[in-house]
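Just so you know, all these numbers are worked out from the coordinates, no wet-lab data involved. Since the model is a prediction, treat every value here as computed from it, not as a measurement. Methodologically, a virtual Cβ is constructed for each residue, glycine included, from the backbone with ideal geometry; neighbour enumeration extends over all protein chains shown.
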Amino acid sequence: MLTALIALPALTAAVLALVPADNRAALRTVAMAGALATFAVSLVVLVRFVPQAGFQMRESAPWIPQWGIGYRLGIDGVSLFLVVLTAFVMPLIILAAWEQTTRVKGFFASLLALEATLIGVFVALDLLLFYLFFEIMLVPMYALIGIWGGANRRYAAIKFFLYTLVGGFLMLVAILYLYFQPGGGTFAYEPLLDVARNLGRTEQTLLFLCFFAAFAIKVPLFPVHTWLPDAHTEAPTAGSVILAAVMLKIGGYGFLRFSLPMFPDATSRLAPIILALGVIGVLYGALVAMMQRDIKKLVAYSSVAHLGFVVIGVFALHPTGASGSVVQMVNHGLSTGALFLLIGFLYDRTHSRLIADYSGLMRAVPVFGGLFLFTVMSSVALPGLNGFVGEFPILLGSYQTVPWAAVLAAFGVIFAAIYLLWAYQRMFHGPVEGRSVGLADLNVREIAVMVPLVLLMLGIGLYPKPIYDRVNPSVDAIVGQARAGADLPDIAAVGEGDE
């Protein structure tokens with residue numbers, strides 16, 4: 001099943017190469033068919049998943065056995081919903097880009113290749129295989145920004161590529177160091193966990209920092225976040241959505257999958273510094289977002305703030321906060337992905353993202369205005385919508401171990417409401433002026449893109465229990481291992497359904 005999730009989009013991208021470049025209808029149809037098939041398989045995986053700790057649906061085959069390299073896949077509660085999210089958003093992205101006219105073949109092939117590598121990252125249980133997926137995904141994302149992006153696309157693409165490439169190289173150094181330690185000789189995940197835990201304090205700290213660099217850049221965590229606003233602003237709508245919805249989650253996923261269980265002693269000693277960076281990211285991202293005149297750049301900086309919450313939840317080393325971080329990664333993917341889609345629909349009509357160019361959009365385009373307001377409310381964590389059921393457990397869990405971080409981060413919730421609602425007020429209320437005059441409302445295709453996102457934002461907000469039931473066992477085990485390895489007091493796992 002997991003191989004199918006990787007192979008289907010990859011094979012579809014290859015099939016697109018055989019379709020004539022001028023047959024746009026066939027290119028769109030093939031791309032959508034591959035994305036829908038991948039999503040269907042992800043739903044089967046979701047249904048078959050048993051809520052318990054440990055990896056399921058394992059697949060293993062020798063690849064380069066003399067070097068200890070194998071094809072090893074598995075899925076647990078941490079990766080399950082990130083895989084489903086990846087498969088869910090891709091058909092919506094393709095539908096949103098249905099009218100793409102420039103280099104259509106390469107555009108859809110890049111999207112599908114990116115989907116295959118993203119899913120590979122979340123299910124790989126061989127560290128070298130993980131690294132390969134981690135690095136290969138840079139190629140299609142670089143192409144999406146550099147070929148189909150805005151005026152400064154080349155600068156943004158190179159900056160994105162270099163930042164993430166450097167982080168990945170440091171992680172590779174750490175992986176190779178573990179491989180050559182006594183008990184190593186393999187890249188399999190579980191054996192290297194034991195190798196890493198038995199290292200001395202200095203070795204653990206240095207290796208932790210190597211992994212941390214790769215994942216902090218991906219989050220992105222302050223102060224290595226500067227590539228993100230440029231990448232988001234210059235990327236096409238499809239690139240911005242996949243970047244916000246999925247790619248940024250690799251950082252939070254990596255912290256939980258590798259940093260906490262492999263280097264528990266280093267995690268506990270460096271956690272206060274990382275928590276401080278997370279709090280700075282929350283507050284700094286919100287304040288900078290407040291000052292933006294470009295609505296797309298505003299949402300880009302909001303990602304720095306929202307994902308700062310994820311970092312706080314993980315490094316507070318409390319199961320409630322860590323589970324909230326996993327759910328918040330999914331929630332951020334839905335709400336911020338939806339915001340980028342709506343901004344893309346608006347830009348397609350007016351070719352402007354400046355807040356000052358709009359006024360009275362709620363009167364001019366009421367369907368667009370209503371969907372935008374709903375998504376903003378999800379992003380500011382309004383109770384009853386999905387953002388609340390991710391951020392509140394993060395604050396609840398982190399307050400029990402690091403109350404200062406929770407209290408300071410709570411101000412980020414207030415700031416988020418200020419910058420998003422202020423931007424909404426300026427663009428959507430008042431007289432119909434500027435580029436709002438004569439604007440066409442969303443069409444049937446665009447509404448069809450938004451409806452599944454809206455339903456999920458509402459459904460998760462009202463009833464998050466099925467997600468937490470599957471996330472909690474894996475997260476509880478990871479946090480328990482990290483606290484035990486760092487000789488920290490045990491925290492009783494959150495009871496079933498407590499969230």
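Specify which labelled value, from (i) -0.34, -1.24, -1.45; (ii) -0.61, -1.32, -1.36; (iii) -0.61, -1.14, -1.24, agrees with log10 I(q)/I(0) by the Debye sum over Cα atoms at q = 0.07, 0.13, 0.14 Å⁻¹ derived from the coordinates of the model shown. Of the labelled values, this structure produces (i).
How tilted is helix 104-123 with respect to the longest principal axis of the chain? Cα atoms for both, answer in degrees (0 to 90, nearest 10). Its long axis makes an angle of about 30 degrees.
A helix-only calculation puts the chain at -24000 deg cm²/dmol for mean residue ellipticity at 222 nm, using -39500 (n - 2.57) for each DSSP H run of at least four residues, averaged over all residues.
Each of Arg483, Arg257 has some number of other Cβ atoms within 10 Å of its Cβ, and from fewest to most they run Arg483, Arg257.
Projected label points at Val173 and Tyr71, each 7 Å from Cα along the beta carbon direction, are separated by 3.2 nanometres.
The length gained by stretching the chain between Arg201 and Asn23 to full extension, at 0.36 nm per residue less their Cα-Cα distance, is 58.1 nm.
Using packing as a proxy for protection, rank 97-105, 314-322, 355-363 so that the peptide with the highest average count of other Cβ atoms within 10 Å comes first.
Working: 97-105: 15.4, 314-322: 29.0, 355-363: 18.4.
Final packing ranking: 314-322, 355-363, 97-105.
Label sites at Glu59 and Arg269, each approximated as a point 7 angstrom past Cα along Cα to Cβ, lie 4.0 nm apart. Counting only the backbone N, which residues of the range 350-374 are under 11 Å from the spot 7 Å out from the Cα of Arg154 toward its beta-carbon? Backbone N within reach: none found. Note: relative contact order over the range 263-499, using C-alpha pairs below 8 Å and six or more positions apart, is 29 percent. A Förster radius of 51 Å, combined with the Cβ-Cβ distance separating Val139 from Phe411, puts the computed FRET efficiency at roughly 0.85.
The simple Förster model, with R0 at 22 Å and r as the Cβ-Cβ distance, assigns His351 and Thr101 a FRET efficiency of 0.90. Shown for Phe415, Phe255: other C-beta atoms within 10 Å of each C-beta, ranked fewest to most, produce the order Phe415, Phe255. Relative contact order of the chain: what whole-number percent is it, with Cα pairs under 8 angstrom and at least 6 residues apart? Value for the chain: 16 percent. The long axis of helix 127-136 is offset from the longest Cα principal axis of the chain by roughly 20 degrees. Panel order for Phe428, Phe411, Phe212, by other beta carbons found within 10 Å of each beta carbon, from fewest to most: Phe411, Phe428, Phe212. Applying 0.36 nm per residue to the separation of Ala4 and Asp469 and subtracting their alpha-carbon distance, the gain on full extension is 164.9 nm. Helix 295-315 axis versus longest C-alpha principal axis of the chain: approximately 20°, rounded to the nearest ten.
Across the range 1-186, Cα pairs under 8 Å and at least six residues apart give a relative contact order of 24 percent.
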